Amino acid sequence: MTLSNNEATNRLIYSGKRITIEIDGRSGFCFGVRHAINKAEEQLQKGENLVSLGDIVHNQKEIERLETQGMKTLSYADFETLKNKKVLFRAHGEPPESYEKAKDNGLQVIDGTCPVVLKLQERVRNAWEAMKKVNGQVIIFGKKGHAEVTGLAGQTENQALIISSIDDLSAIDFNRPIELFSQTTSSIHAYQYLIDQIQKKAKAGFRNNDTICRQVSNREPRLRSFVKNFDVFIFVGGKKSSNAKFLYQVCKETNPNSYFILNAEELDFNWFTNKKKVGISGATSTPLWLMQEVAETIHQKLNKE
Ligand code: SF4
């Protein structure tokens, strides 16, 4: 077999006598998730005990890898009573109440909040201060209950109006000033549509902020063109990850021979009958090592046996 790394695209290619397998060099962790995992690993390598408030990443396999190094995952209910430990805040960020609770309980915070999210929290906080003075509204376009949205709403004393779809438009008071933000992982098209609708109705001033993270939004068009090159496409992702579900949908629409798996154990080798080119990609929460494991498994089975 040959494993080559195409430096121009950072793709990993496994070639052999039956099948060629290529990993999308632009898939895998986004910058923010990598940043949080690096913070966790720094502590674990020092032999420190570390608890992560909520899943550090929406990928069970990566969580298990970190747990074998000593990390524990904590629910929000258990966080209430945790004392005198090191606690990791993940890439999604936390509301001010979590920092206050940590301080009250003698916890040391290892802050893995993505720098992009931290900046967004600051902008939301400033907008809220400004809106309060003019009886205005801060609106967040995002998923209710999503950790990042909870962290953003916390910057507004939980007074921000959260809009998950165009159906929630009637909750907005168009006679008051409006400042709009988006969760970093929202769809650009849906956000633009919402902006257009608010623009048409707003009577007392409207400002919108482009806060969608391009680390995520750029993946869709790139993936759409990458997935076309293969006879079979394997998408590796956590079943709880909304980014994984969305990107897998993109794969399936473009290439019907696309399959969504958590790890190599879920491979079905019937998928590869009479196929020559296999592509592999993953979500922003999928580690590269997991995609490599999938590629290796296919390669060992089809090119070696
Ligand atoms: S998607 Fe963007 S904003 Fe969100 S964690 Fe990743 S890099 Fe940060």
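One table, with the values for the structure above:
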{"read-out": "Cβ-based exposure ranking for H35, H58, in which fewest neighbours within 10 Å come first", "value": "H35, H58"}
{"read-out": "Calculated [θ] (222 nm, deg cm²/dmol) that DSSP helices of n ≥ 4 give over the chain, each run adding -39,500 (n - 2.57)", "value": "-11000 deg cm²/dmol"}
{"read-out": "Low-density loop cleavage sites - trypsin sites (Lys or Arg not before Pro) in region 23-104, where at most 10 other Cβ are within 10 Å (DSSP)", "value": "K46, K83"}
{"read-out": "Per-residue HN-Hα couplings for region 264-273 [Karplus 6.51, -1.76, 1.60; θ = phi - 60°; Hz; x = Gly/Pro]", "value": "4, 5, 8, 5, 10, 6, 5, 4, 9, 4"}
{"read-out": "Computed label-point distance, nm, for sites D168 and K275 using a 7 Å Cα→Cβ extension", "value": "3.8 nm"}
{"read-out": "Virtual spin-label span in nm between N38 and K245, 7 Å along Cα→Cβ", "value": "3.1 nm"}
{"read-out": "Packing-based exposure ordering (other Cβ within 10 Å, fewest first) of I13, I234", "value": "I13, I234"}
{"read-out": "In sequence order, calculated HN-Hα J values of region 137-153 (Karplus, 6.51, -1.76, 1.60; Hz; x Gly/Pro)", "value": "10, 9, 10, 10, 8, x, 8, 4, x, 5, 4, 5, 5, 4, x, 6, 4"}
{"read-out": "Cβ-based charge dipole, the chain, positive-most Cα from H146, S75, S15", "value": "S15"}
{"read-out": "Signed unit charges on C-beta, dipole axis of the chain, positive-most listed residue I37, P221, N175", "value": "P221"}
{"read-out": "Rg(Cα) / (2.2 N^0.38 Å) computed for the chain, rounded to two decimals", "value": "1.13"}
{"read-out": "Taking the convex hull of Cα positions in region 31-113, its mean projected area over all directions (nm²)", "value": "4.9 nm²"}
{"read-out": "Anisotropy class of region 108-225 from Cα gyration tensor, a/c 1.5 cut", "value": "oblate"}
{"read-out": "Centroid-to-centroid separation of region 108-126 and region 269-300 [C-alpha atoms, Å]", "value": "35 Å"}
{"read-out": "For K86, distant residues with modelled amide H under 5 Å away", "value": "V51, Q108"}
{"read-out": "Order of C251, C213 under a 10 Å beta carbon neighbour criterion, fewest first", "value": "C213, C251"}
{"read-out": "Distribution of pairwise C-alpha distances over region 157-305, 5 Å bins, in %", "value": "2, 8, 16, 16, 14, 10, 9, 8, 7, 5, 3, 2, 1, 0"}
{"read-out": "Spread of Cα-to-Cα distances over 10 Å intervals beginning at zero, given as percent, for region 30-71", "value": "30, 62, 8"}
{"read-out": "Stretchable slack from K203 to E220, in nm (0.36 nm times residue separation minus alpha-carbon distance)", "value": "2.6 nm"}
{"read-out": "Percent antiparallel among DSSP beta bridges (both partners in the chain, rounded to 5)", "value": "20 percent"}
{"read-out": "The chain - charge dipole about Cα centre, Lys and Arg +1 at Cβ, Asp and Glu -1, debye rounded to 20", "value": "700 debye"}
{"read-out": "Separation of alpha-carbon centers, region 35-95 and region 185-202, rounded to whole Å", "value": "35 Å"}
{"read-out": "Extended-chain gain in nm, criterion 0.36 nm per residue less alpha-carbon gap, K103 and Y259", "value": "51.6 nm"}
{"read-out": "Cβ-based charge dipole, region 87-135, positive-most Cα from A102, M131, G112", "value": "M131"}
{"read-out": "FRET efficiency, R176 to T73 (Cβ-Cβ, R0 51 Å, nearest 0.05)", "value": "0.80"}
{"read-out": "Additional length obtainable on full extension of the chain from E64 to L288, 0.36 nm per residue less Cα span", "value": "79.1 nm"}
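Any read-out appearing in this document is the output of simple, stated calculations on the displayed coordinates, not a laboratory observation. All values reported here derive from a predicted model rather than from experimental measurement. Note that we place each Cβ from the backbone using ideal geometry, even for glycine, and neighbour counts take in every protein chain shown.
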